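Here is the structure we will look at.
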Amino acid sequence: LFPLAVRGSEGLYMVNGPPSFTESTAFQRDSGKNCKAVAFSKDGSLFAWCNGEKVNVVNVTRAELLHSFDLPKTVCLEFSPKNNVLATWQVYATAKDGAAGVPNLQLHELRTGKCLKSFMQKKMQNWCPSWADDESICARNVNNEVHFFENNNFNTIANKLHLQKVSDFVLSPGAQPAKVAVYVPGSKGAPSFVRLYQYPNFGGPQSALANRSFFKADKVTMLWNKKATAVLVVASTEVDKSGASYYGEQTLHYVGASGESAVVQLPKNGPIYDVAWSPNSVEFCAVYGFMPAKATVFNLKCDPVFDFGTGPRNAAYYSPHGHILVLAGFGNLRGQMEVWDVKNYKLISKPVASDSTYFAWCPDGEHIVTATCAPRLRVSNGYKIWHYTGSVLHSHEVPSDEEMWQVFWQPFLDGVFPERAVRYQAVPGDLPRAGPGPAQAYRPPALRNRPVTSSKLHEDEPPQNMKPQLGGSDKPLSKTALKNQRKHEAKKAAKQEAKADAHQGPAQVKTPQNALQNTVPAVTTGDPEVDKKIKNLKKKLKAIEQLKEQAAAGKQLEKNQVEKIQKEAALLKELEDLELGV
């Protein structure tokens, strides 16, 4: 069973995951309506919540209350990776007489329940200290410098990282030795930069493992891969000065721990909606570009490996084992999900989770939860549990007068669940598959009895494998090169068609235009003006022939194009007169 924690106006409770979906008896429901903060430990064995009165910590496996802290105003909770420390944060408040407030960030030792240390932490953003996975070091950003503590001894600062103004930092995941990525925003015409350091070597720019500087960055997001060999940096501005986007402007940078760095070249202009590392640490997926957005998988050289084409999507989620990738369009999109087998790049299913505000993979790599939560949406709150093949296994909707604020899986450590072979056949579900069908487009009465023509504003690009094919070491072609290649192939095909027409003999009836062109292809009148007129007339007749072919294929012609076709007879007569006058 893979329990889910559910928090809302009905209280806090846990639900058993597949296959039973019943309320868990391992956790006693807290029916209070003021539950503001919840957290599982990294291994899922401990669970903490604040109900507006106390912060409680329970052992989920033994259903045992471990500690109860008198911190009623707590709004954020987090466990250290090895479950030694619980961090709690309350909103910072100053005294009425203007005196400094009391420390609002507490670190509690879970073995004894005593408070190890209290800090002042005014901002909610990045409130929690950041631990290495083995808890050998812990770091906090204090007044634009990073303070490091060792072995949970918070009374002594073991190291400091001094730079001009460190705005953000991220510790690397995984085993020691720990690395740290730091971001320093640019000022007075100087660029912003991200640097990677090996702890504790902070002796200046020369001691950095890698450095990447860039302009156009009001804020950055730094993403380490699982093996801590590289960081992806999404740099974004609040405003796009070109006026092309409401979302500001984004660029994606790759920074390797070995010193290499590069801008990731994205073939389509527009916002970068999401970037996700594959758990294998050697590939990453980016979703980008004006709608319909593109999604592309890149390797560590920042070369495209597979392009998923375009579609209504703004998020990418790799399964815990990395064998499946879900591309989804949530928020202001319809909730369409594309589930891909990453090893073979085959589409498994295309379910629709309408009005979803939340998506998460179950730690088993087989199941998914999607949810509609308040305050993002205050109606139709609830959650659905899916199998990745597109089947809805369970659906829960809260009563219309209640709200659901949060739902999330109990975590498990990596390796607890083995990777299973990818299935394409949908598993049996308790509910009908994949959401509502597409609504019929409105058609005015005059068109209702006519054949349906495509009314798409744009054609979606199909998926494309970007890996160089065997037998050729060519790099994937750029968009322009592909366009030129298609033009070249079309011209070649047209020439071959023309040759075939010429060899079909007298039985083939030709239009007067073709007949005239074939009978006197290269006769000149000796008068350059007349030759020019003949050339122009032939050009116009050729264009009319193309328009007639388009009309025969069912394309709706413009008014001026129809008028051009009507002039064909007059142009043919004029051409005949000019050529007969030779």
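Picking from residues in the range 215-235 that are modelled with pLDDT under 85 and not charged (D, E, K, R), the one that is farthest from residue 280 (Cα to Cα) is 215. Could you count how many residues in the range 396-414 are touching a strand residue (DSSP E or B) at 6+ places or on another chain (Cβ under 8 Å) and either assigned to a loop (DSSP other than H, G, I, E, B) or surrounded by 15 or more Cβ atoms within 10 Å (Cβ to Cβ) (or both)? Number of matching residues: 12. Within the range 340-381, the set of residues being closer than 28 Å to residue 8 by Cβ, outside any loop (DSSP other than H, G, I, E, B) and not hydroxyl-bearing (Ser, Thr, Tyr) comprises 352, 359, 360, 361, 367, 368, 369, 371.
Would you confirm whether any residue within the range 184-192 is surrounded by 15 or more Cβ atoms within 10 Å (Cβ to Cβ), touching a Phe, Trp or Tyr at 6+ places or on another chain (Cβ under 8 Å), modelled with pLDDT of 85 or more and in the same structural domain as residue 254 (by the TED database)? Taking every residue of the range 184-192 in turn, at least one turns out to be surrounded by 15 or more Cβ atoms within 10 Å (Cβ to Cβ), touching a Phe, Trp or Tyr at 6+ places or on another chain (Cβ under 8 Å), modelled with pLDDT of 85 or more and in the same structural domain as residue 254 (by the TED database). Applying the criterion of being of a type in the set (Asp, Glu) and surrounded by 12 or more Cβ atoms within 10 Å (Cβ to Cβ) to the residues of the range 73-115, the residue that is farthest from the chain's Cα centre (by Cα) is 109.
Checked against (1) part of a strand (DSSP E or B); (2) out of contact with any strand residue (DSSP E or B) (no Cβ under 8 Å at 6 or more places or on another chain), residue 332 passes all but condition (1).
Inspect the range 59-72 for any residue being crowded, with 17+ Cβ neighbours inside 10 Å, of a type in the set (Asp, Glu) and within 24 Å of residue 407 (Cα to Cα) and give the result as yes or no. Within the range 59-72, none of the residues are crowded, with 17+ Cβ neighbours inside 10 Å, of a type in the set (Asp, Glu) and within 24 Å of residue 407 (Cα to Cα). Residue pairs whose Cβ atoms lie under 7 Å apart, separated by 6 or more positions or on different chains, with the first residue in the range 130-145 and closer than 20 Å to residue 185 by Cα and the second open to solvent by 50 Å² or more (accessible area, probe 1.4 Å), are 141/126; 144/165; 145/160; 145/162. If we scan the range 149-169, do we find a residue that is among the hydroxyl-bearing types (Ser, Thr, Tyr), modelled with pLDDT under 85 and part of a loop (DSSP other than H, G, I, E, B)? Among the residues of the range 149-169, at least one is among the hydroxyl-bearing types (Ser, Thr, Tyr), modelled with pLDDT under 85 and part of a loop (DSSP other than H, G, I, E, B), which makes the answer yes. Highlighted here are the strands (runs of 3 or more DSSP E) found entirely within the range 209-322 that include at least 3 residues which are surrounded by fewer than 18 Cβ atoms within 10 Å (Cβ to Cβ): 210-214, 219-224.
The values are calculated or read from the model by the stated rules, or taken from the named source; none is laboratory data. Keep in mind the model is a prediction, meaning the values are calculated, not measured. Glycine gets a Cβ as well: all are built from the backbone with ideal geometry, and neighbour counts include every protein chain shown. Each accessible area value is taken on the protein alone, full model and side chains, heavy atoms only, with ligands, DNA and RNA left out. Shrake-Rupley method; radii C 1.70, N 1.55, O 1.52, S 1.80 Å.
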